[in-house]
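FYI, it's all coordinate maths here, none of it is from the lab. Because the structure is a prediction, the values reported are computed rather than measured.
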Amino acid sequence: MKSLLRPALVLFLALTVVTGLIYPAVVTAISQAAFAHQANGSLIERDGKTAGSEIIGQQFDAPRYFWGRLSATTPNPYNAGSSGGSNLGPTNPALASEMKARIDALRAADPDNATPPPVDLVTSSGSGLDPDISPAAAAYQVTRVAKARGMTVPEVEALVAQATAGRQFGIIGEPRVNVLKLNLALDAARP
């Protein structure tokens, strides 16, 4: 039994050093050298201050900003420490209530808009952290944002077009609009 204990301890210590110290240090060094922006959270800075991360959504609810998808994280919206969906099924009354509340908020912010809101504006994202909306969701909000900022609809549409990213490698995913980047572009255009 003693003859097995020493090799087991040596192997345990060796693997602890390799997998607990050396490997993480090498991966961290490579990521910092090759992908520093992504490795440090894809942070967006404006005027020397961090405005947010381009990969984690933020809550915008003022009429002068584009709104993102709902967040089901708790205790606060877009809480990266508790990422996850609501797990509410399509027959759950709580989901219907949440969707109705969001539709009512969208209607109150833009009472002249009679078109039905796109689904991504009234449902929570799977992670609760989604930073993007569909181009249709952005187009739905253009008139409200233009009116609140004193801009023309074509001016806001041009900013939406600039902020719209296509499919990854031309084939993966769907076109999307990063809400934080779009709202920062709006602030730069008309504070």
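Summary of computed values
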quantity	calculated
Region 1-40 - Debye-derived log10 I(q)/I(0), Cα point model, q = 0.35 Å⁻¹	-0.99
Diffusion constant of the chain at 10 °C, which comes from Stokes-Einstein with the Kirkwood Cα-pair radius and 1.306 mPa s, µm²/s	81 µm²/s
Residues whose placed amide H lies under 5 Å from that of GLY52, excluding near-sequence neighbours	ILE44
